[in-house]
1. Where the second residue is assigned to a helix (DSSP H, G or I) and at pLDDT below 85 and the first is among the acidic types (D, E) and surrounded by fewer than 18 Cβ atoms within 10 Å (Cβ to Cβ) and lies in the range 221-234, which pairs have Cβ atoms under 7 Å and are six or more apart or on separate chains?
2. Could you check, for the range 368-391, whether at least one of its residues is in a loop (DSSP other than H, G, I, E, B) and surrounded by 22 or more Cβ atoms within 10 Å (Cβ to Cβ)?
3. Look at K462 and say whether it is open to solvent by 10 Å² or more (accessible area, probe 1.4 Å) and out of contact with any strand residue (DSSP E or B) (no Cβ under 7 Å at 6 or more places or on another chain).
4. Provide a single number: the residues in the range 102-119 that are closer than 25 Å to L8 by Cβ and open to solvent by 10 Å² or more (accessible area, probe 1.4 Å).
5. For residues that are of a type in the set (S, T, N, Q), within 27 Å of the chain's Cα centre (by Cα) and open to solvent by 80 Å² or more (accessible area, probe 1.4 Å), scanning just the range 16-67, find the one that is modelled with the highest pLDDT.
6. If a residue must be out of contact with any helix residue (DSSP H, G or I) (no Cβ under 7 Å at 6 or more places or on another chain) and either outside any helix (DSSP H, G or I) or under 17 Å from I391 (Cβ atoms) (or both), how many such residues does the range 428-444 contain?
7. G490 fails exactly one of the following numbered conditions: (1) at negative phi; (2) within 24 Å of the chain's Cα centre (by Cα); (3) open to solvent by 40 Å² or more (accessible area, probe 1.4 Å). What is the number of that condition?
8. Given the criterion open to solvent by less than 40 Å² (accessible area, probe 1.4 Å) and either part of a strand (DSSP E or B) or at pLDDT below 90 (or both), identify the matching residue among V406, V415.
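The values are calculated or read from the model by the stated rules, or taken from the named source; none is laboratory data. The structure displayed is predicted, hence computed values, not measured ones. Cβ placement follows ideal geometry from the backbone for every residue including glycine, while neighbour counts extend to all protein chains displayed. SASA here: full protein model, heavy atoms, side chains in, ligands and nucleic acids out. Shrake-Rupley method; radii C 1.70, N 1.55, O 1.52, S 1.80 Å.
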Amino acid sequence: MSATDEYLLQLIEDNGLVDDDQLSAASEFAIEANSEESLSSLSIKFLKEQGVVDFQVVLQLMAEELNMELIDLNQFESSDEALKRLTKEQALQFRALPLSFNNGELLIAVADPVDFDSIDNLAHILQVSVIQGVADPTEIDERIRLDYNITEDSRMQGFLEDMDDLDVEGVGDLANASEEDAPIIKYVQLLISEAIKRRSSDIHLEPMEKEFRVRYRIDGSLHKMESPPKRLQPAILSRLKLMGDISIAEKRIPQDGRISLTAGGKEIDLRVSTLPTVYGESIVMRILDKESLNLGLPQLGFFSDDQTDFEQIIQSPDGIFLVTGPTGSGKSTTLYTALNCINKPDKKIITVEDPVEYQLSGINQVSVIKEVGMTFSAALRSMLRQAPNIIMVGEIRDKETAEIAVNASLTGHMVFSTLHTNDAASAVTRLVDIGVKPFLVAAALRAALAQRLVRNNCMNCKAPYTPEIKEIQALGIRDDQIAEANFMKGTGCPKCNGNGYRGRIGVFEIFTVNDEIEQMIYEGCSIVDLRRKARDLGMRIMREDGTRKVLAGVTTPNEVLVSTVAAEE
(Lines give C-alpha, C1' and ligand atoms only; values in the text may rest on other atoms or scores of the structure.)
Protein backbone atom coordinates (compact mmCIF):
# COMPACT_ATOMS: atom_id res chain seq x y z
CA MET A 1 0.00 0.00 0.00
CA SER A 2 3.06 2.23 -0.43
CA ALA A 3 1.51 4.42 -3.16
CA THR A 4 -1.36 5.50 -0.93
CA ASP A 5 0.90 5.88 2.11
CA GLU A 6 3.24 8.16 0.16
CA TYR A 7 0.21 10.15 -0.95
CA LEU A 8 -1.10 10.40 2.63
CA LEU A 9 2.28 11.43 3.99
CA GLN A 10 2.53 14.20 1.40
CA LEU A 11 -1.03 15.24 2.21
CA ILE A 12 -0.20 15.50 5.91
CA GLU A 13 2.90 17.58 5.20
CA ASP A 14 1.25 19.90 2.63
CA ASN A 15 -1.63 20.69 4.99
CA GLY A 16 0.64 21.36 7.97
CA LEU A 17 -0.98 18.69 10.14
CA VAL A 18 2.37 17.90 11.78
CA ASP A 19 5.53 19.90 12.38
CA ASP A 20 9.07 19.14 11.20
CA ASP A 21 10.08 17.50 14.49
CA GLN A 22 7.14 15.10 14.34
CA LEU A 23 7.94 14.21 10.73
CA SER A 24 11.57 13.60 11.66
CA ALA A 25 10.52 11.36 14.55
CA ALA A 26 8.26 9.35 12.22
CA SER A 27 11.08 9.01 9.68
CA GLU A 28 13.54 7.84 12.36
CA PHE A 29 11.02 5.29 13.60
CA ALA A 30 10.54 3.95 10.06
CA ILE A 31 14.27 3.60 9.46
CA GLU A 32 15.02 1.97 12.82
CA ALA A 33 12.10 -0.47 12.49
CA ASN A 34 14.07 -2.43 9.87
CA SER A 35 10.82 -3.87 8.55
CA GLU A 36 9.71 -5.17 5.18
CA GLU A 37 7.05 -2.45 5.14
CA SER A 38 7.76 0.73 3.19
CA LEU A 39 9.18 3.75 5.02
CA SER A 40 6.09 5.78 4.20
CA SER A 41 3.82 3.06 5.58
CA LEU A 42 5.82 2.89 8.82
CA SER A 43 5.83 6.68 9.12
CA ILE A 44 2.07 6.78 8.76
CA LYS A 45 1.74 4.03 11.37
CA PHE A 46 3.94 5.99 13.81
CA LEU A 47 1.96 9.23 13.41
CA LYS A 48 -1.31 7.36 13.81
CA GLU A 49 -0.32 5.28 16.85
CA GLN A 50 1.28 8.24 18.63
CA GLY A 51 -1.90 10.28 18.19
CA VAL A 52 0.12 13.02 16.48
CA VAL A 53 -2.42 13.41 13.69
CA ASP A 54 -6.17 12.82 13.49
CA PHE A 55 -6.35 10.10 10.85
CA GLN A 56 -10.01 10.81 10.10
CA VAL A 57 -9.05 14.35 9.08
CA VAL A 58 -6.39 12.92 6.75
CA LEU A 59 -8.88 10.48 5.20
CA GLN A 60 -11.36 13.33 4.70
CA LEU A 61 -8.72 15.37 2.87
CA MET A 62 -7.85 12.40 0.66
CA ALA A 63 -11.51 11.76 -0.13
CA GLU A 64 -12.00 15.39 -1.14
CA GLU A 65 -8.90 15.44 -3.36
CA LEU A 66 -9.82 12.15 -5.04
CA ASN A 67 -13.48 13.20 -5.31
CA MET A 68 -14.61 10.09 -3.44
CA GLU A 69 -17.02 9.48 -0.59
CA LEU A 70 -15.59 9.09 2.92
CA ILE A 71 -17.21 6.02 4.43
CA ASP A 72 -17.49 5.22 8.14
CA LEU A 73 -17.39 1.41 8.14
CA ASN A 74 -18.74 1.31 11.69
CA GLN A 75 -21.99 2.73 10.35
CA PHE A 76 -22.06 0.81 7.04
CA GLU A 77 -22.98 -2.86 6.74
CA SER A 78 -22.16 -4.73 3.52
CA SER A 79 -25.21 -6.06 1.69
CA ASP A 80 -25.44 -9.75 0.81
CA GLU A 81 -25.76 -8.85 -2.87
CA ALA A 82 -22.52 -6.84 -2.76
CA LEU A 83 -20.61 -9.61 -1.00
CA LYS A 84 -21.74 -12.11 -3.66
CA ARG A 85 -20.22 -9.92 -6.39
CA LEU A 86 -16.70 -10.26 -5.00
CA THR A 87 -15.11 -13.56 -4.05
CA LYS A 88 -13.03 -13.90 -0.91
CA GLU A 89 -9.89 -14.28 -3.02
CA GLN A 90 -10.66 -11.11 -5.00
CA ALA A 91 -11.40 -9.13 -1.83
CA LEU A 92 -8.06 -10.19 -0.37
CA GLN A 93 -6.12 -9.63 -3.59
CA PHE A 94 -7.42 -6.11 -4.20
CA ARG A 95 -8.00 -5.30 -0.51
CA ALA A 96 -11.46 -4.20 -1.53
CA LEU A 97 -14.59 -4.39 0.62
CA PRO A 98 -17.90 -4.51 -1.30
CA LEU A 99 -20.57 -2.41 0.41
CA SER A 100 -23.64 -2.17 -1.82
CA PHE A 101 -24.83 -3.06 -5.31
CA ASN A 102 -27.54 -0.90 -6.89
CA ASN A 103 -28.53 -0.35 -10.52
CA GLY A 104 -25.48 -2.17 -11.83
CA GLU A 105 -23.04 -0.14 -9.70
CA LEU A 106 -20.86 -1.73 -7.03
CA LEU A 107 -19.75 0.54 -4.17
CA ILE A 108 -16.47 -0.60 -2.64
CA ALA A 109 -14.05 0.68 -0.04
CA VAL A 110 -10.44 0.03 -1.04
CA ALA A 111 -7.34 0.13 1.12
CA ASP A 112 -5.25 1.57 -1.74
CA PRO A 113 -7.52 4.10 -3.52
CA VAL A 114 -4.58 5.71 -5.36
CA ASP A 115 -3.91 2.47 -7.26
CA PHE A 116 -6.35 3.23 -10.07
CA ASP A 117 -5.03 0.47 -12.35
CA SER A 118 -6.00 -2.23 -9.86
CA ILE A 119 -9.53 -0.90 -9.58
CA ASP A 120 -9.84 -0.74 -13.38
CA ASN A 121 -8.71 -4.37 -13.51
CA LEU A 122 -11.27 -5.30 -10.88
CA ALA A 123 -14.06 -3.56 -12.78
CA HIS A 124 -13.02 -5.40 -15.94
CA ILE A 125 -13.05 -8.76 -14.13
CA LEU A 126 -16.46 -8.16 -12.52
CA GLN A 127 -18.00 -6.60 -15.63
CA VAL A 128 -19.76 -3.96 -13.53
CA SER A 129 -19.34 -0.26 -12.84
CA VAL A 130 -17.22 0.18 -9.71
CA ILE A 131 -17.52 3.24 -7.44
CA GLN A 132 -14.71 3.75 -4.93
CA GLY A 133 -15.04 5.03 -1.40
CA VAL A 134 -12.36 6.02 1.11
CA ALA A 135 -12.16 4.35 4.53
CA ASP A 136 -9.55 3.48 7.14
CA PRO A 137 -7.32 0.78 5.52
CA THR A 138 -6.98 -1.11 8.80
CA GLU A 139 -10.75 -1.24 9.21
CA ILE A 140 -11.13 -2.39 5.62
CA ASP A 141 -8.80 -5.34 6.21
CA GLU A 142 -10.62 -6.24 9.43
CA ARG A 143 -14.05 -6.04 7.80
CA ILE A 144 -12.94 -8.23 4.89
CA ARG A 145 -11.81 -10.85 7.38
CA LEU A 146 -15.07 -10.61 9.31
CA ASP A 147 -17.55 -10.37 6.40
CA TYR A 148 -15.94 -13.26 4.54
CA ASN A 149 -15.54 -15.29 7.73
CA ILE A 150 -11.78 -15.47 7.35
CA THR A 151 -10.52 -16.77 10.69
CA GLU A 152 -6.83 -16.45 9.76
CA ASP A 153 -4.82 -13.68 8.19
CA SER A 154 -4.67 -14.10 4.38
CA ARG A 155 -0.89 -14.29 4.42
CA MET A 156 -1.02 -17.12 6.93
CA GLN A 157 -3.67 -18.96 4.93
CA GLY A 158 -1.73 -18.68 1.72
CA PHE A 159 1.48 -19.67 3.41
CA LEU A 160 -0.07 -22.76 4.95
CA GLU A 161 -1.46 -23.76 1.57
CA ASP A 162 2.04 -23.47 0.12
CA MET A 163 3.44 -25.50 3.01
CA ASP A 164 1.12 -28.39 2.21
CA ASP A 165 3.44 -29.15 -0.71
CA LEU A 166 6.64 -28.45 1.22
CA ASP A 167 9.12 -31.32 1.35
CA VAL A 168 10.19 -31.60 4.98
CA GLU A 169 13.52 -32.99 3.81
CA GLY A 170 14.10 -29.78 1.87
CA VAL A 171 13.74 -27.47 4.84
CA GLY A 172 17.49 -27.33 5.26
CA ASP A 173 19.71 -26.44 8.17
CA LEU A 174 17.47 -24.30 10.37
CA ALA A 175 20.40 -23.11 12.44
CA ASN A 176 22.11 -21.39 9.52
CA ALA A 177 19.47 -21.09 6.81
CA SER A 178 18.35 -17.79 5.35
CA GLU A 179 14.68 -17.00 4.87
CA GLU A 180 14.95 -17.98 1.23
CA ASP A 181 16.39 -21.37 2.23
CA ALA A 182 13.95 -22.19 5.01
CA PRO A 183 10.20 -21.60 4.60
CA ILE A 184 9.80 -22.79 8.19
CA ILE A 185 11.57 -19.62 9.36
CA LYS A 186 9.06 -17.47 7.48
CA TYR A 187 6.16 -19.42 8.98
CA VAL A 188 7.47 -18.99 12.53
CA GLN A 189 7.99 -15.26 12.00
CA LEU A 190 4.47 -14.96 10.60
CA LEU A 191 3.06 -17.00 13.49
CA ILE A 192 4.58 -14.63 16.05
CA SER A 193 3.77 -11.39 14.20
CA GLU A 194 0.15 -12.45 13.74
CA ALA A 195 -0.15 -13.24 17.45
CA ILE A 196 1.20 -9.79 18.35
CA LYS A 197 -1.14 -8.16 15.84
CA ARG A 198 -4.11 -9.90 17.46
CA ARG A 199 -3.05 -8.75 20.99
CA SER A 200 -2.40 -12.34 22.11
CA SER A 201 -0.86 -13.04 25.49
CA ASP A 202 0.24 -16.61 24.68
CA ILE A 203 0.96 -18.80 21.67
CA HIS A 204 0.27 -22.51 22.18
CA LEU A 205 1.73 -25.15 19.84
CA GLU A 206 0.38 -28.53 20.86
CA PRO A 207 1.19 -31.87 19.20
CA MET A 208 -1.96 -33.98 18.90
CA GLU A 209 -2.24 -37.50 17.48
CA LYS A 210 -3.22 -36.39 13.98
CA GLU A 211 -2.62 -32.63 13.98
CA PHE A 212 -0.23 -29.98 15.20
CA ARG A 213 -2.63 -27.59 16.93
CA VAL A 214 -1.91 -23.85 17.11
CA ARG A 215 -3.89 -21.60 19.45
CA TYR A 216 -3.67 -17.95 20.54
CA ARG A 217 -4.86 -16.74 23.93
CA ILE A 218 -6.64 -13.42 23.39
CA ASP A 219 -8.25 -11.58 26.32
CA GLY A 220 -8.00 -14.74 28.41
CA SER A 221 -9.70 -17.08 25.91
CA LEU A 222 -7.99 -19.57 23.60
CA HIS A 223 -8.72 -19.31 19.87
CA LYS A 224 -7.77 -22.10 17.46
CA MET A 225 -5.77 -21.01 14.42
CA GLU A 226 -5.15 -22.75 11.12
CA SER A 227 -2.83 -25.69 11.84
CA PRO A 228 0.35 -26.33 9.83
CA PRO A 229 0.85 -29.81 8.32
CA LYS A 230 1.56 -32.39 11.02
CA ARG A 231 4.71 -33.61 9.24
CA LEU A 232 6.32 -30.17 9.68
CA GLN A 233 5.94 -30.35 13.47
CA PRO A 234 9.59 -31.34 14.21
CA ALA A 235 10.99 -28.59 11.98
CA ILE A 236 8.79 -25.87 13.51
CA LEU A 237 9.60 -26.97 17.05
CA SER A 238 13.32 -27.05 16.25
CA ARG A 239 13.19 -23.52 14.84
CA LEU A 240 11.47 -22.16 17.95
CA LYS A 241 13.92 -23.93 20.26
CA LEU A 242 16.81 -22.43 18.31
CA MET A 243 15.33 -18.96 18.62
CA GLY A 244 14.83 -19.46 22.36
CA ASP A 245 18.39 -20.75 22.85
CA ILE A 246 17.05 -24.15 23.95
CA SER A 247 18.83 -27.44 23.30
CA ILE A 248 17.43 -29.16 20.21
CA ALA A 249 18.97 -32.48 21.16
CA GLU A 250 17.14 -32.68 24.52
CA LYS A 251 13.52 -33.76 24.11
CA ARG A 252 12.94 -35.73 27.31
CA ILE A 253 12.75 -32.95 29.91
CA PRO A 254 11.03 -29.55 30.11
CA GLN A 255 13.15 -26.56 29.08
CA ASP A 256 12.79 -22.79 29.26
CA GLY A 257 14.11 -20.09 26.97
CA ARG A 258 13.56 -16.52 25.86
CA ILE A 259 13.16 -14.84 22.46
CA SER A 260 13.72 -11.11 21.97
CA LEU A 261 12.57 -9.36 18.82
CA THR A 262 11.23 -6.10 17.43
CA ALA A 263 7.73 -5.94 15.95
CA GLY A 264 6.07 -2.77 14.70
CA GLY A 265 8.80 -0.67 16.28
CA LYS A 266 8.20 -2.24 19.71
CA GLU A 267 10.53 -4.46 21.69
CA ILE A 268 8.82 -7.77 22.41
CA ASP A 269 10.07 -10.62 24.58
CA LEU A 270 8.67 -14.14 24.42
CA ARG A 271 9.13 -16.52 27.34
CA VAL A 272 9.37 -20.01 25.83
CA SER A 273 8.45 -23.19 27.70
CA THR A 274 8.73 -26.72 26.31
CA LEU A 275 7.04 -29.80 27.76
CA PRO A 276 7.46 -33.38 26.46
CA THR A 277 4.09 -35.02 25.68
CA VAL A 278 3.01 -38.32 24.19
CA TYR A 279 2.94 -36.93 20.63
CA GLY A 280 5.95 -34.61 20.84
CA GLU A 281 7.06 -31.47 22.63
CA SER A 282 4.42 -28.89 23.46
CA ILE A 283 5.62 -25.28 23.30
CA VAL A 284 3.97 -22.28 24.93
CA MET A 285 5.31 -18.79 24.27
CA ARG A 286 4.19 -16.02 26.58
CA ILE A 287 4.29 -12.62 24.87
CA LEU A 288 5.73 -9.91 27.10
CA ASP A 289 4.93 -6.46 25.67
CA LYS A 290 6.58 -3.73 27.76
CA GLU A 291 4.05 -1.15 26.55
CA SER A 292 1.28 -3.11 28.27
CA LEU A 293 2.68 -1.90 31.58
CA ASN A 294 2.27 1.78 30.73
CA LEU A 295 -1.14 1.84 32.35
CA GLY A 296 -2.71 4.19 34.82
CA LEU A 297 -4.86 3.00 37.70
CA PRO A 298 -8.15 3.76 35.87
CA GLN A 299 -7.02 1.53 32.97
CA LEU A 300 -6.61 -1.35 35.43
CA GLY A 301 -10.31 -1.05 36.25
CA PHE A 302 -10.37 1.01 39.46
CA PHE A 303 -13.32 3.26 40.09
CA SER A 304 -12.41 6.59 41.72
CA ASP A 305 -13.20 5.50 45.30
CA ASP A 306 -11.15 2.29 45.08
CA GLN A 307 -8.39 4.15 43.29
CA THR A 308 -8.14 6.61 46.18
CA ASP A 309 -7.85 3.75 48.68
CA PHE A 310 -5.28 1.98 46.51
CA GLU A 311 -3.11 5.11 46.17
CA GLN A 312 -3.15 5.64 49.93
CA ILE A 313 -2.06 2.04 50.52
CA ILE A 314 0.86 2.00 48.05
CA GLN A 315 2.16 5.30 49.39
CA SER A 316 2.42 3.96 52.95
CA PRO A 317 5.92 4.41 54.41
CA ASP A 318 6.16 0.82 55.63
CA GLY A 319 4.24 -2.43 55.95
CA ILE A 320 3.22 -5.20 53.56
CA PHE A 321 0.77 -4.90 50.69
CA LEU A 322 -0.31 -8.18 49.08
CA VAL A 323 -2.06 -8.81 45.77
CA THR A 324 -3.85 -12.16 45.64
CA GLY A 325 -5.50 -14.25 42.98
CA PRO A 326 -4.92 -17.28 40.75
CA THR A 327 -2.37 -17.49 37.94
CA GLY A 328 -3.32 -15.17 35.09
CA SER A 329 -5.44 -12.79 37.17
CA GLY A 330 -3.21 -9.79 36.50
CA LYS A 331 -1.40 -9.62 39.85
CA SER A 332 1.98 -8.72 38.36
CA THR A 333 0.50 -6.04 36.12
CA THR A 334 -1.17 -4.42 39.13
CA LEU A 335 2.07 -4.43 41.12
CA TYR A 336 4.12 -3.09 38.20
CA THR A 337 1.58 -0.30 37.72
CA ALA A 338 1.76 0.51 41.43
CA LEU A 339 5.56 0.69 41.22
CA ASN A 340 5.34 2.99 38.21
CA CYS A 341 3.00 5.29 40.15
CA ILE A 342 5.40 5.68 43.08
CA ASN A 343 8.67 5.46 41.15
CA LYS A 344 10.21 8.85 41.95
CA PRO A 345 13.86 10.00 42.12
CA ASP A 346 13.69 10.22 45.91
CA LYS A 347 12.69 6.53 46.27
CA LYS A 348 14.92 3.50 45.89
CA ILE A 349 12.96 0.49 44.63
CA ILE A 350 14.34 -3.05 44.38
CA THR A 351 12.43 -6.08 43.09
CA VAL A 352 13.23 -9.80 43.22
CA GLU A 353 11.38 -11.87 40.63
CA ASP A 354 11.36 -15.38 39.19
CA PRO A 355 12.10 -14.52 36.45
CA VAL A 356 12.31 -10.77 35.66
CA GLU A 357 9.71 -10.52 32.91
CA TYR A 358 9.57 -6.76 32.33
CA GLN A 359 12.49 -4.40 32.74
CA LEU A 360 11.34 -1.18 34.41
CA SER A 361 13.21 2.09 34.05
CA GLY A 362 14.64 3.50 37.28
CA ILE A 363 14.04 0.30 39.29
CA ASN A 364 16.67 -2.21 40.46
CA GLN A 365 15.50 -5.70 39.47
CA VAL A 366 17.00 -8.98 40.68
CA SER A 367 16.29 -12.34 39.08
CA VAL A 368 16.04 -15.56 41.11
CA ILE A 369 18.69 -18.13 40.07
CA LYS A 370 18.17 -21.20 42.24
CA GLU A 371 21.08 -23.09 40.69
CA VAL A 372 23.60 -20.70 42.27
CA GLY A 373 21.71 -20.16 45.52
CA MET A 374 20.02 -16.90 44.56
CA THR A 375 16.61 -17.71 46.03
CA PHE A 376 13.91 -15.25 47.10
CA SER A 377 15.11 -15.35 50.68
CA ALA A 378 18.80 -14.97 49.78
CA ALA A 379 18.04 -12.04 47.47
CA LEU A 380 15.87 -10.40 50.13
CA ARG A 381 18.66 -10.52 52.72
CA SER A 382 21.08 -8.85 50.34
CA MET A 383 18.51 -6.29 49.18
CA LEU A 384 18.02 -5.01 52.71
CA ARG A 385 21.72 -4.06 52.81
CA GLN A 386 21.10 -1.86 49.75
CA ALA A 387 18.97 0.55 51.83
CA PRO A 388 15.80 0.46 49.68
CA ASN A 389 12.61 2.35 50.46
CA ILE A 390 10.36 -0.08 48.61
CA ILE A 391 10.79 -3.81 47.98
CA MET A 392 8.78 -6.02 45.65
CA VAL A 393 8.94 -9.79 46.08
CA GLY A 394 7.50 -11.65 43.10
CA GLU A 395 5.74 -14.17 45.34
CA ILE A 396 5.86 -15.24 48.98
CA ARG A 397 6.13 -19.01 48.77
CA ASP A 398 7.75 -20.22 51.99
CA LYS A 399 8.26 -19.42 55.67
CA GLU A 400 11.77 -18.01 55.27
CA THR A 401 10.79 -15.55 52.56
CA ALA A 402 7.63 -14.54 54.44
CA GLU A 403 9.52 -13.90 57.70
CA ILE A 404 12.21 -11.80 56.01
CA ALA A 405 9.53 -9.77 54.19
CA VAL A 406 7.62 -9.21 57.43
CA ASN A 407 10.75 -8.19 59.31
CA ALA A 408 11.68 -5.80 56.48
CA SER A 409 8.26 -4.17 56.71
CA LEU A 410 8.67 -3.74 60.46
CA THR A 411 12.03 -1.98 60.02
CA GLY A 412 10.80 0.85 57.84
CA HIS A 413 10.42 -0.71 54.38
CA MET A 414 7.30 -0.91 52.20
CA VAL A 415 7.00 -4.46 50.84
CA PHE A 416 4.86 -5.47 47.86
CA SER A 417 4.23 -9.12 47.00
CA THR A 418 1.70 -11.66 45.72
CA LEU A 419 -0.02 -14.69 47.21
CA HIS A 420 -2.21 -17.41 45.73
CA THR A 421 -5.47 -17.11 47.69
CA ASN A 422 -9.08 -16.97 46.59
CA ASP A 423 -9.97 -13.70 48.33
CA ALA A 424 -8.27 -10.79 50.04
CA ALA A 425 -8.94 -11.68 53.68
CA SER A 426 -7.47 -15.17 53.17
CA ALA A 427 -4.05 -13.55 52.81
CA VAL A 428 -3.99 -13.38 56.62
CA THR A 429 -4.53 -17.10 57.15
CA ARG A 430 -2.17 -17.94 54.29
CA LEU A 431 0.69 -16.07 56.00
CA VAL A 432 -0.12 -17.76 59.31
CA ASP A 433 -0.25 -21.18 57.61
CA ILE A 434 3.17 -20.53 56.05
CA GLY A 435 4.54 -20.01 59.55
CA VAL A 436 4.41 -16.27 60.32
CA LYS A 437 3.26 -15.51 63.86
CA PRO A 438 -0.21 -13.84 64.01
CA PHE A 439 1.11 -10.88 66.01
CA LEU A 440 3.70 -10.21 63.26
CA VAL A 441 1.03 -10.42 60.55
CA ALA A 442 -1.14 -8.00 62.53
CA ALA A 443 1.69 -5.50 62.86
CA ALA A 444 3.00 -5.75 59.29
CA LEU A 445 -0.01 -6.16 56.98
CA ARG A 446 -1.42 -2.88 55.65
CA ALA A 447 -3.86 -4.31 53.08
CA ALA A 448 -4.54 -7.15 50.68
CA LEU A 449 -6.06 -6.78 47.23
CA ALA A 450 -7.81 -9.70 45.54
CA GLN A 451 -8.57 -9.47 41.84
CA ARG A 452 -9.89 -11.26 38.77
CA LEU A 453 -9.98 -10.21 35.13
CA VAL A 454 -13.14 -9.74 33.08
CA ARG A 455 -13.41 -8.86 29.41
CA ASN A 456 -14.38 -5.32 28.40
CA ASN A 457 -17.29 -4.64 26.11
CA CYS A 458 -15.87 -3.54 22.76
CA MET A 459 -16.01 0.27 22.75
CA ASN A 460 -16.60 0.25 19.01
CA CYS A 461 -19.71 -1.94 18.88
CA LYS A 462 -21.23 -2.04 22.36
CA ALA A 463 -24.95 -1.29 22.43
CA PRO A 464 -27.71 -1.19 25.07
CA TYR A 465 -29.29 -4.53 25.94
CA THR A 466 -31.46 -6.13 28.61
CA PRO A 467 -29.89 -8.90 30.74
CA GLU A 468 -31.81 -12.04 31.52
CA ILE A 469 -33.70 -12.17 34.82
CA LYS A 470 -31.50 -15.00 36.10
CA GLU A 471 -28.38 -12.89 35.50
CA ILE A 472 -29.84 -9.96 37.40
CA GLN A 473 -30.84 -12.22 40.26
CA ALA A 474 -27.45 -13.95 40.37
CA LEU A 475 -25.68 -10.61 40.67
CA GLY A 476 -28.15 -9.40 43.31
CA ILE A 477 -29.05 -6.27 41.36
CA ARG A 478 -31.85 -4.34 43.06
CA ASP A 479 -34.81 -2.75 41.31
CA ASP A 480 -33.60 0.75 42.13
CA GLN A 481 -30.24 -0.07 40.53
CA ILE A 482 -31.91 -1.40 37.38
CA ALA A 483 -33.69 1.92 36.91
CA GLU A 484 -30.38 3.78 36.65
CA ALA A 485 -28.33 1.02 35.02
CA ASN A 486 -26.59 1.36 31.66
CA PHE A 487 -26.48 -2.29 30.56
CA MET A 488 -24.31 -2.71 27.46
CA LYS A 489 -23.08 -5.58 25.34
CA GLY A 490 -20.80 -5.79 22.30
CA THR A 491 -22.57 -6.84 19.11
CA GLY A 492 -19.41 -7.88 17.26
CA CYS A 493 -17.31 -5.85 14.81
CA PRO A 494 -13.93 -6.03 13.04
CA LYS A 495 -12.10 -4.40 15.95
CA CYS A 496 -13.07 -7.21 18.34
CA ASN A 497 -13.01 -10.01 15.72
CA GLY A 498 -16.75 -10.34 16.04
CA ASN A 499 -16.91 -11.52 19.68
CA GLY A 500 -18.11 -8.28 21.30
CA TYR A 501 -15.19 -7.98 23.74
CA ARG A 502 -11.87 -6.17 23.47
CA GLY A 503 -9.32 -5.97 26.30
CA ARG A 504 -9.70 -6.87 29.97
CA ILE A 505 -9.95 -5.00 33.27
CA GLY A 506 -9.85 -6.07 36.89
CA VAL A 507 -12.58 -6.52 39.45
CA PHE A 508 -11.22 -5.90 42.91
CA GLU A 509 -11.65 -6.57 46.61
CA ILE A 510 -9.63 -4.38 49.00
CA PHE A 511 -9.12 -5.74 52.52
CA THR A 512 -7.70 -2.87 54.60
CA VAL A 513 -6.25 -3.52 58.04
CA ASN A 514 -7.41 -0.94 60.59
CA ASP A 515 -7.07 -1.03 64.39
CA GLU A 516 -10.07 -3.34 64.87
CA ILE A 517 -8.95 -5.88 62.28
CA GLU A 518 -5.36 -5.70 63.52
CA GLN A 519 -6.58 -6.66 67.00
CA MET A 520 -8.64 -9.54 65.56
CA ILE A 521 -5.60 -10.88 63.65
CA TYR A 522 -3.51 -10.60 66.83
CA GLU A 523 -6.11 -12.62 68.71
CA GLY A 524 -6.18 -15.32 66.02
CA CYS A 525 -9.79 -14.79 64.89
CA SER A 526 -11.08 -17.01 62.10
CA ILE A 527 -11.14 -15.94 58.45
CA VAL A 528 -14.95 -15.91 58.59
CA ASP A 529 -14.90 -13.35 61.40
CA LEU A 530 -12.27 -11.24 59.65
CA ARG A 531 -14.23 -11.22 56.43
CA ARG A 532 -17.47 -10.37 58.23
CA LYS A 533 -15.83 -7.46 60.06
CA ALA A 534 -14.31 -6.14 56.84
CA ARG A 535 -17.73 -6.30 55.19
CA ASP A 536 -19.25 -4.41 58.13
CA LEU A 537 -16.58 -1.74 57.63
CA GLY A 538 -17.53 -1.32 53.96
CA MET A 539 -15.39 -3.79 52.00
CA ARG A 540 -16.87 -4.75 48.63
CA ILE A 541 -16.22 -8.28 47.40
CA MET A 542 -15.11 -8.85 43.81
CA ARG A 543 -18.58 -9.78 42.57
CA GLU A 544 -20.00 -6.54 43.92
CA ASP A 545 -17.24 -4.55 42.20
CA GLY A 546 -17.98 -6.49 39.02
CA THR A 547 -21.66 -5.67 39.38
CA ARG A 548 -20.80 -1.97 39.50
CA LYS A 549 -18.96 -2.39 36.21
CA VAL A 550 -21.97 -4.20 34.71
CA LEU A 551 -24.27 -1.37 35.78
CA ALA A 552 -21.87 1.12 34.19
CA GLY A 553 -21.86 -0.78 30.88
CA VAL A 554 -18.18 -1.74 31.11
CA THR A 555 -18.72 -5.50 30.94
CA THR A 556 -21.53 -8.08 30.89
CA PRO A 557 -23.16 -10.06 33.71
CA ASN A 558 -21.86 -13.36 32.35
CA GLU A 559 -18.24 -12.17 32.54
CA VAL A 560 -18.63 -11.28 36.21
CA LEU A 561 -20.54 -14.45 37.08
CA VAL A 562 -17.93 -16.81 35.60
CA SER A 563 -15.01 -14.91 37.18
CA THR A 564 -16.23 -14.33 40.74
CA VAL A 565 -18.17 -16.01 43.53
CA ALA A 566 -21.16 -14.71 45.45
CA ALA A 567 -20.95 -13.38 49.01
CA GLU A 568 -21.44 -15.86 51.81
CA GLU A 569 -24.57 -15.37 53.86
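1. Once the first residue is among the acidic types (D, E) and surrounded by fewer than 18 Cβ atoms within 10 Å (Cβ to Cβ) and sits in the range 221-234, its partners that are assigned to a helix (DSSP H, G or I) and at pLDDT below 85 give E226/M156; E226/Q157; E226/L160.
2. no
3. Answer is no for this residue.
4. 8
5. Q56
6. Adding up the residues that qualify gives 1.
7. For G490, the exception is condition (3).
8. None of the other options fit; the residue is V415.
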